[in-house]
Number of protein chains: 2
Amino acid sequence: MARTIKKNAFYAQSGGVTSVINASACGVLETARKHKSKIGKVYAGLNGIIGALTENLIDTSKMTAKEIAALRYTPAGAFGSCRYKLTTLDVNRAEYERIIEVFKAHDIGYFFYNGGGDSQDTAYKVSLLSQEMGYPLTCVGVPKTIDNDLPFTDCCPGFGSVAKYVAVSLKEAELDVASMAKSSTKVFIMEVMGRHAGWIAAAAGLAAGRAKKTPYVILFPEIAFDQAKFLKRVDECVKQLGYCIICVSEGVHDENGKFLADTGLKDAFGHSQLGGVAPVIASMVKENLGYNITGLSPITYSVRPDILRPKLMWIKLMRSAKQP
Amino acid sequence: MARTIKKNAFYAQSGGVTSVINASACGVLETARKHKSKIGKVYAGLNGIIGALTENLIDTSKMTAKEIAALRYTPAGAFGSCRYKLTTLDVNRAEYERIIEVFKAHDIGYFFYNGGGDSQDTAYKVSLLSQEMGYPLTCVGVPKTIDNDLPFTDCCPGFGSVAKYVAVSLKEAELDVASMAKSSTKVFIMEVMGRHAGWIAAAAGLAAGRAKKTPYVILFPEIAFDQAKFLKRVDECVKQLGYCIICVSEGVHDENGKFLADTGLKDAFGHSQLGGVAPVIASMVKENLGYNITGLSPITYSVRPDILRPKLMWIKLMRSAKQP
């Protein structure tokens, strides 16, 4: 059987680099070294799949075990990542063929593609075409997203660190807001990623804790936005607890599926470009509940490392100054 | 002499809470305890100066030494802070008199006001009026700003942590951008606080390091913005080094003093409200250098904990997709 013959492997990073993408690389490289009877050299693509297309392969067999272990704590994308989408086989078959030819030239029998949904799809297409071209490749998708929305993964590498980050950030923000709410910011809004998956927004629940009444309001992309209900809840929070902490997913939409933050533009992948949903929510709160925006600009891009150690986009709202 | 009679003290926190404002509180309380022959109880104002106006005083003599020491690591404002500006003596003399009367009632002879420029000014006014009213107070401004723009302080408590934060954030952002620049973000923009003082922006220099050629461009409020020069430098960075990291102070203005980010609105203190200068810079780079804005929304409020672990407002720009 062809599969038992020793072959080289190719590993590539794709898309936004997570905090742990290099830890996944480490896992692939260390594991490959444990199976030397089946896997020869592991090549990493310089700048992801572009490295395969341009035949820029990094020979990781030259890395020491210590260097590979250090990948666990290496920031960014150690081999370079890319935003480069292979289209369908029909549209750009030549590009897929090019990849397979490069693999053939370097005796590569295993393709590890470290990325999100699109990358998993690419790995699948390469696998199909490789069979068709009589050079069957074992294609393995190595999951990577912060959104935690990949099928068949429970906690996707990349999500855990983001969840922790969101929860810690919100808790810090809450403490700051709580200590100022008497005369300043009463509503804090943090927008988080997650166009269709609310896992990241849900992480705000870790900050909210187990108290029956918490000042937290979380807006999920999975739940159609109900303005009246939302405003009622925010107002109750401020009146009962003194302030309100809102975590809003970028993908929040109305019952017709229209994103609250839709700008009408499309990105390179054909996805709708979303403007900030936080300012939309901020204006809504201001206009309907009579909160004034003050202190900093209504939509501040400024870093406020003092007030928000986590330093997220934030918007401060405040009632008209009340004399004590 | 009145000053040698043992008097109580009043301590209040004011304005945005820095990472170290409670460490300053700790310093005041611990030092006061060392001078028991001169200082009796130290009262802290609940929510800053509002606590004096409403006679909400926290008796810190009930705190244990351990609790006071723990202030060093306590987040937010331990006693509550406020954004509440006392106006001039002419306009609101009654409010100043009220403070002095509350101080009299609690036998307070020392007033420690922990805040920025406005708070130092308030402390001075209280001191003047107290003399006039025949109840002389020793008023001590305890410096606190992130901007590092208080006179007579070299490094103001609050600045150091921000400087470190900005430098670390930018370095992390740079590493991420560098690993993606081949096919994605080529220009990264971070906007930082500092309306008139460029200390925070200058902290970006810590990330830039000592290399002769760095991809960093820092825009200061002290230097009139020169669009042609700026664009030339950004273009050179991208062409020579592959990407450019811009740190822009919110207070950047043209040679006539007009803020690039001026929205025409005023905040509660009468200061100009600034919109984001980062999007202004982003549009400028896009329109003049032909970079496309892609991936995320042009002005993204989204948290991108994967790409930017520090999670600052960021804007990604990219050239039109180039096929490899």
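Rg/Rh for the range A:149-231 (Cα atoms only, Rh after Kirkwood) is 1.00. The ranking of B:LYS62, B:LYS258 from fewest to most other beta carbons within 10 Å of each one's beta carbon is B:LYS62, B:LYS258. Taking the Kirkwood radius as Rh and the Cα radius of gyration as Rg, the range A:93-197 has a ratio of Rg/Rh equal to 1.28. Shown here for the range B:129-167: chymotrypsin sites (Phe, Trp or Tyr not before Pro) in loop regions (DSSP other than H, G, I, E, B) with at most 14 other Cβ atoms within 10 Å, namely B:PHE152.
The largest-to-smallest principal axis extents of the Cα set in the range A:102-159 are 36, 19, 14 Å. Legend: mean number of C-beta atoms from other chains within 10 angstrom of residue C-beta atoms, peptide B:182-189, equals 4.
Figure legend: label point modelled 7 angstrom from the Cα of A:ASP59 along Cα→Cβ; residues of the range A:76-116 with amide N under 19 Å from it are A:79, A:102-110. What separates the B:LYS104 label point from its copies, with the point 7 Å along Cα to Cβ, is 9.8 nm, written shortest first.
By the compact-protein rule of thumb, 2.2 N^0.38 Å, the alpha-carbon radius of gyration of the range B:2-143 corresponds to a ratio of 0.97.
Just so you know, all these numbers are worked out from the coordinates, no wet-lab data involved. Worth saying up front: this structure is predicted, and the values here are computed from it rather than measured. Because the Cβ atoms are built from the backbone with ideal geometry, glycine has one as well, and the counts that use them run over all protein chains shown.
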